[in-house]
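Engineer: Here it is: the structure, laid out below.
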Amino acid sequence: PAAWPTSDPPRPGSTEVAEVETVTTIAEVRARTDAARAAGRTVGAVLTMGYLHEGHASLIAAARAECDLVVTTVFVNPLQFGPAEDLAAYPRDLERDVALSAEAGADVVFAPSVEEMYPRPVLTTVSVAEVTERFEGASRPTHFAGVATVVAKLLSIVGPCRAYFGEKDWQQVCVVRRVVADLSLPVEVVACPTLREPDGLARSSRNVYLEAEERAAAPVLLRALVTGRDRVLAGERDPRAVEAAMAAVVATEPLVELDYAAAVRADDLADLAVLAGDVRLLVAARVGRPRLLDNLGVTVPPA
Ligand code: AMP
């Protein structure tokens, strides 16, 4: 077996794909989720920007396994893109997203227009301090306010549910957990493991931008993380030494330009003087056009 999840096991007992309903208005999706809850059924939500791949499908499958009504949202949220970022070029294919959602087990796809979500200039935003300030937030100053705002809005639209997020975007999971806790949203956040290509590259909608040589170089990110984890498991407790070891691995690939390699406390991304408890190793790098992210958890064994 592979050392990491690469795709879902086939669902037993059926090859046929259930019906999925596509809705585009807030009122329609609310009517579906309200009716489900009124009938005593649980609701699962998977929030995406579309161009779905096996990583998204694994979240939908997790929701399918645990909830009665599964809603996938497909919305490329302009608020979370900076002015110089790839909003207009972000890959889109709703027809394929609907098919993939159906195959993975979703009941409803909510695919609103920008006008449906933001009919007027947005005056109310959700901003999360501290956990947003480093790493992705440092290079993308408005990104997490955009994410937190759309997540709060989509969760308010879907209503009480279990919401499934990928560990692939670890900092995003930390931010979403704070939004849900701080705003008392009636939502249980479930973090799911990162789905990878067979060579270890984390699946991402942005992988389509990689040229062949860049694609071949990109698995260095997971190799760096595994090196970092092995150093911790071998007894290294200095975060700077672990970070340097990860950076040295990335430096072996000239096509991969490291942004950061970090070893931090897992739940709030705080710096640790000495590694202890649940640690998250994070890397981000530009590989040709896209910026790629990856991360890995390691629990420091007690002394
Ligand atoms: P996105 O469409 O990139 O905004 O991602 C939507 C959701 O899918 C987020 O919760 C991501 O963390 C999650 N996701 C993206 N890639 C993966 C992956 N390779 N494995 C698991 N979850 C993923």
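Laboratory data are not the source of any read-out in this text; all were calculated from the coordinates shown. Given the structure is predicted, the values throughout are model-derived calculations rather than measurements. Reconstructed Cβ throughout: ideal geometry from the backbone, glycine too, with neighbour counts over all protein chains shown.
Engineer: Is the shape of segment 163-235 best called rounded, prolate or oblate, per the rule: a/c under 1.5 gives rounded, else a/b larger than b/c gives prolate, else oblate, with a ≥ b ≥ c the square roots of the Cα gyration tensor eigenvalues?
Structural biologist: oblate
Engineer: Between helix 170-182 and the chain, what is the angle of the helix's C-alpha long axis to the longest principal axis, kept within 0 to 90° and rounded to the nearest 10?
Structural biologist: The angle comes out near 50 degrees.
Engineer: Using each residue's phi in segment 186-193, evaluate 6.51 cos²θ - 1.76 cosθ + 1.60 at θ = phi - 60° and report the 3J(HN,Hα) Karplus result to the nearest Hz, with x for Gly and Pro.
Structural biologist: My calculation for segment 186-193 gives x, 9, 9, 7, 10, 9, 10, x Hz in order.
Engineer: With only alpha-carbon pairs counted, each pair once and no self-pairs, how large is the Kirkwood hydrodynamic radius of the chain in angstroms? Could you put the intermediate results ahead of the total?
Structural biologist: Values: mean 1/r = 0.0496 Å⁻¹.
Result for the chain, one decimal place: 20.2 Å.
Engineer: Before rounding to the nearest 500, sum -39500 (n - 2.57) across all DSSP H runs of length at least 4 in the chain and divide by the residue total; then give [θ] at 222 nm in deg cm²/dmol.
Structural biologist: Numbers: 10 runs with 106 residues, N = 303.
Mean residue ellipticity, 222 nm, calculated: -10500 deg cm²/dmol.
Engineer: Further question: Please report, to two decimal places, log10 I(q)/I(0) for segment 118-228 at q = 0.18, 0.19, 0.22 Å⁻¹ as given by the Debye formula with identical point scatterers on the Cα atoms and no solvent.
Structural biologist: Scattering profile of segment 118-228, log10 relative to I(0): -1.02, -1.08, -1.24.
Engineer: Can you pull the one-decimal nm distance between simple spin-label points at Ala270 and Ala18, each 7 Å off the Cα toward Cβ?
Structural biologist: Spacing of the two 7 Å Cα→Cβ label points: 4.2 nm.
Engineer: If you don't mind, there's one more thing I want to ask. Could you order peptides 155-166, 173-184 by the average number of other Cβ atoms within 10 Å of their residues, highest first? Working shown, then result.
Structural biologist: Working: 155-166: 20.7, 173-184: 17.8.
The densest-packed peptide leads the list: 155-166, 173-184.
Engineer: So the label point goes 7 Å from the Cα of Glu257 along Cα→C-beta, right? Which residues of segment 275-303 then have their backbone N under 20 Å from it?
Structural biologist: So the set is 283-294.
Engineer: Relative contact order for the chain: what is it in percent, counting Cα pairs under 8 Å that are at least 6 residues apart?
Structural biologist: Values: 573 pairs, mean separation 49.9, N = 303.
In percent, rounded to a whole number, it is 16.
Engineer: When the chain is fully extended, how far beyond the present Cα-Cα distance does Ala303 get from Thr125, taking 0.36 nm per residue of separation?
Structural biologist: Values: separation 178, 0.36 × 178 = 64.08 nm, distance 4.42 nm.
My answer for the length gained is 59.7 nm.
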